[in-house]
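Take a look at the structure set out below.
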Amino acid sequence: MATCKDFYDLAKTWADSNMGNNDGFGYQCIALINGLNRDLGAGLTTFVRGNAAKNFYIDYASGALSTPGWHTVAGNPRDDAEAARIYNSLPNGAICCWETTGGYAWAGHISIKAGNWGEDYDTIQQDGNRETVPAHYANMGKLCSQGYAGFLGAVVSDDTGWGSNTPSGSTESSPQPGSAKPSTDIKIDLTKTLNELINKIKDLFNQNVYTASDKYMFNKVVKLTKNMNLWRVRLSDEALDEIQKELKKSLESLLKSSQGSDGTNVPQGAPTKQPDAPTDESNMSDEDKVKYITEVCRANCPNANAFGIAGLVGNFVGESNINPFTFEAKTYWVDEGEDWRNDPTVETIFGSWSSFLGLYSIPLNEEAYKGSDGRHYCGLGLGQWTGPRGEGLAKYGKENGKGWYSLQTQMEYAFKEGATTETLKKCLVNSESVREGVDNVYKFWERANVPDSLPTRYAGGEKWYPFIKDLLK
């Protein structure tokens, strides 16, 4: 029987792989639950009354719906502190329903629990307001504290699947680049590999047949010989060799995808001589910037590969369009001098946190912007370093005398940041495609949660990969 852990594992795989379920009306919240339920064979009733997601919990709680092996746990949409206590007692993978405000209050919301209340990744969801975005992480606890939602309750499997020794609150940390893949990832790789193999075999057979006589027809794949009323079909040796070759490639691809690091894909070698500092950063072309970024990566991580570096550059495209001089919400900034260079805080640039917050139509996590001095550091430079990381970048820019807005400062800081530097190096050496490079940097180094920007990041990585590959020859 499917358990909460099964729901969590598959939902996490989808969110980490930019996948989801669309039942024909976009990536709706209930479509996520319906897709998980279908693929896991859980047997839940996910056709919700009145198309209102919150009715999933309401109808299970009232007894109008029931599924053996599952029960409900009531939340408290009027008391966030009590709701948080209940939410944190649930196993990850619990199917949670929410009251919401605004134009879709009648529908409510439904999601999968993925961590403790108020954490950046406390839930995995799809959202009818962003119906082009597949499964992704969100912070429902924060939305509740801001008055946009309330926790109604959850539907939970009797056997959670986690065992008695696993805490039910926050999730285990995500595997780092180069780690062995979980079984759900391997299952997706197997399906993908088999589909690719079948399509190649279909292409192989999709050819014209030539008539040599009224009793013999052929092409490079098949030979047909007529004997009275019957046609005898025989595969050619060439076709069998081609099928064998494609099968071997598919099996090798699957084996590679199912294995973790073999011990060689770890950052190796001491940092080498740093590249020459740019002489005039204000006039650097994008090609000059990417060349410098590539050189710094290889100087600090000698076995960094082109996929990993392209993944980093792709994320820089999505964050800043490879512009080290920019800062978050600069489009709305009223130019009032050069103070932003010396003190890149929200208070200096925009006047106050409330003024900065007013530029957005979505809630922001204020704590994520706070530095150690209590002020707010908006996203800075290439990677939009924010909060404590932005404060660290600003401090380093003062120490080296070049300012936080320098390309040289930012790339040096990326390899002096501490624990995140080791994560970055793992991303640079363990990525085996541009997409994986982008995903690794996005999830593990940037720790971003802006799924709408992923297409831009992927496109940026693909654009610059050939250029970077040529540089590394």
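Just so it is clear, none of the values below were taken in a lab; they were calculated from the coordinates. Quantities reported herein were computed from a predicted structural model and do not represent experimental measurements. Note that each Cβ is placed from the backbone with ideal geometry, even for glycine, and that neighbours are counted across all protein chains shown.
Put simply, the C-alpha atoms of the range 43-127 give a gyration tensor, and the ellipsoid matching it has half-axes of 20, 16, 13 Å, longest first.
From the coordinates of this entry, Cα extents along the principal axes in Å is computed, and it appears in [x] 131, 53, 42; [y] 92, 68, 42; [z] 76, 53, 43 under the label [y]. Candidates F327, W353, W231 compared by Cα position along the dipole of the chain: farthest toward the positive end lies W231, with charges placed on Cβ. Averaging Cα coordinates gives a centre for the range 87-156 and one for the range 370-434; these two points are 31 Å apart. The helix-based estimate of mean residue ellipticity at 222 nm for the chain, built from -39,500 (n - 2.57) per DSSP H run of four or more residues and divided by its residue count, is -13000 deg cm²/dmol to the nearest 500. Taking +1 at the Cβ of each Lys and Arg and -1 at the Cβ of each Asp and Glu, which of F7, P455, F151 sits farthest along the dipole of the chain towards its positive end, judged by Cα position relative to the Cα centre? The one lying farthest along the dipole's positive direction is F7. Note on T211 and L240: with the Förster distance fixed at 25 Å, the Cβ-Cβ geometry gives a FRET efficiency of about 0.60.
Near W385, the amide H atoms lying under 5 Å from its own belong to L380; only residues 5 or more places off or on other chains count, and H is placed 1.01 Å from N. Span-like helix check, the chain: qualifying full DSSP H segments, with Cα axial length of 15 Å or more and mean Kyte-Doolittle of -0.5 or more, are 29-40, 183-205, 306-320, 419-430. Across the range 331-437, the relative contact order, built from alpha-carbon pairs under 8 Å that are at least six residues apart, equals 16 percent.
Set the Förster distance to 35 Å, then compute FRET efficiency between S89 and L357 from the Cβ-Cβ distance, nearest 0.05. The pair S89/L357 has a calculated efficiency of 0.65. Computed from the C-beta positions of H71 and R38 and an R0 of 25 Å, the FRET efficiency is 0.75 to the nearest 0.05.
Overall, the range 294-433 carries a charge dipole of about 400 debye about its Cα centre when +1 sits on the Cβ of Lys and Arg and -1 on the Cβ of Asp and Glu, all other atoms neutral. When +1 charges are put on Lys and Arg Cβ atoms and -1 charges on Asp and Glu Cβ atoms, the dipole computed for the chain relative to its Cα centre reaches about 1720 debye.
Comparing Cα centroids, the range 226-253 and the range 280-339 end up 51 angstrom apart. Place a label point 7 angstrom from the Cα of W333 along the Cα-to-Cβ direction, then list the residues of the range 405-422 whose backbone nitrogen is under 18 Å away. Within reach of a label on W333, which here means backbone N under 18 Å from a point 7 Å along Cα→Cβ, the range 405-422 contributes 405-411.
Net charge in the neighbourhood of G392 (other residues with Cβ under 14 Å of its Cβ; Lys, Arg +1, Asp, Glu -1) is +1. Here the spin labels are modelled as points 7 Å beyond Cα on the Cα-Cβ line, and at T279 and D158 they lie 7.7 nm apart. Radius of gyration (Cα atoms) of the range 316-473, expressed as a multiple of 2.2 N^0.38 Å: 1.06. Remark: relative contact order (the chain) = 13 percent; criterion is Cα-Cα distance under 8 angstrom and separation of 6 or more residues. If the chain linking L364 and K463 were pulled fully straight, counting 0.36 nm for each residue of separation and taking away their Cα-Cα distance, it would gain 32.5 nm.
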